[in-house]
Amino acid sequence: MASVAAMRQQRFEGRLEFIIADGGSADRTRELLRELAAQDPRIRLFENPRRIAASGLNVALRHARGRWVARMDAHTQYTDDYLALGVARLMRGDTRWVSGPPIAVGSGRVSRAVSLALQRPIGRGASRKWVAEGSARDGEYELDSGLFAGVWERTTLLEYGGWDERWLCNQDSEMAGRFLERGERLVCLSPMAARYAPRNSLASLWRQYLAYGEYREKTAVRHPQTLRSSHLLLPALVLNAGAAVVGPGRVRRAAGGGIGLYMIALAWTGVSAQRQADEWMDAALVPAVLAVMHLAFGLGFLRGVKRHGAPLAAVASSLRLKRLALRLAPESQPVFAPSLVTGDDLLR
């Protein structure tokens, strides 16, 4: 309900509507949403029968009536001028997608450790979207396909076909790939920073990053230019770990040395995190959460190769082999967005 409260607190010169797509909540969420909708006529509640984020976004987009659309996810706290800042930047021109950086703020021991991990290069990789609390970048900067939600003109999203419902996660990055293919600029405004609560258990973190890895790989197959060379490090880490266990003698020893260096890097990161940690146990967990994030993403990426094919054009592009990348580039495919077209999903 905190996210709904943040939506209702938006300061914007114009009429607002708050469209919520519920994917079959089993707790009291739907009941509470109905109560809020009865109190606030701006709230409109719809069913998300496919129960995935992309279909819920398309349901909301189909029912949106205003000129501007903002994606505001649960488990995230947005500033009360998030929408106003995004719209003002869009109206200045030269971009059709404006977003803000997520600031990871832990809500439990594991969640706080993840927040500490994401403040370090070994945790966030080459992604430019993540910033630490209290250290958001000034002004604006451009992003690649790694971004967080955003604000658009409704007609822009319809022009691009909405969110592809074959993506169970990473759907914003897939859409960003379509934007980038047309030469669009993706702008991030630091004043639009939103506080994001990471997962608070190692098991849920593992599942999250396993899916991230798979769908980042699937995005790279569809949109080769979205793959950063750093994305290949984590599947390489998984393969190295496998070689350290089952490889022939020399290979096993060399791979074991690599794993040893990796573990030293994790340990050092945990030690250095003590300076920002509220409790020493939070920092002590940083190596564990990093290992979970890295191995899950790498394994998910390899699972993606098996399920969706190898991202050959993406690898060639990341190696700056432009001619080979063009030769291997996949054919353009239409967006799969059935929830944007039809459905009887009104709950209130």
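Scan the stretch 118-133 for residues that are part of a loop (DSSP other than H, G, I, E, B) and at pLDDT 90 or above and the total you get is 2.
Quick check on GLY304: is it touching an Asp or Glu at 6+ places or on another chain (Cβ under 6 Å) and assigned to a helix (DSSP H, G or I)? It is true that GLY304 is touching an Asp or Glu at 6+ places or on another chain (Cβ under 6 Å) and assigned to a helix (DSSP H, G or I). Could you list all residues from the stretch 260-295 that are touching a residue at least 12 places away in the same chain (Cβ under 8 Å), of a type in the set (Val, Ile, Thr) and surrounded by fewer than 16 Cβ atoms within 10 Å (Cβ to Cβ)? VAL271, the sole residue that qualifies.
Might you check whether a residue that is of a type in the set (Val, Ile, Thr) and more than 19 Å from the chain's Cα centre (by Cα) occurs anywhere in the stretch 61-78? The answer is no; no qualifying residue exists. Of all the numbered requirements in (1) within 21 Å of the chain's Cα centre (by Cα); (2) closer than 19 Å to ALA126 by Cβ, VAL305 misses one, and that requirement is (2). Is it true that some residue in the stretch 8-15 is small (Gly, Ala, Ser), assigned by TED's automatic domain parsing to the domain that holds VAL98, closer than 23 Å to GLU159 by Cβ and part of a helix (DSSP H, G or I)? No: zero hits.
Every residue, every condition in (1) surrounded by fewer than 18 Cβ atoms within 10 Å (Cβ to Cβ); (2) more than 25 Å from SER55 (Cα to Cα); (3) not hydrophobic (A, V, I, L, M, F, W, C), yes or no:
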| site | (1), (2), (3) |
| --- | --- |
| PHE297 | no, no, no |
| PHE301 | no, no, no |
| GLU331 | yes, no, yes |
| PHE336 | yes, no, no |
| THR342 | yes, no, yes |
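A single entry from LEU61, LEU33, LEU57 fulfils the requirement of being surrounded by 13 or more Cβ atoms within 10 Å (Cβ to Cβ), in a helix (DSSP H, G or I), modelled with pLDDT of 85 or more and in contact with a Leu (Cβ under 7 Å, 6 or more places away or on another chain): LEU61.
The values are calculated or read from the model by the stated rules, or taken from the named source; none is laboratory data. All values derive from a computational prediction rather than experimental measurement. With ideal geometry, Cβ positions are generated from the backbone for all residues, glycine too; neighbour counts draw on all protein chains shown.
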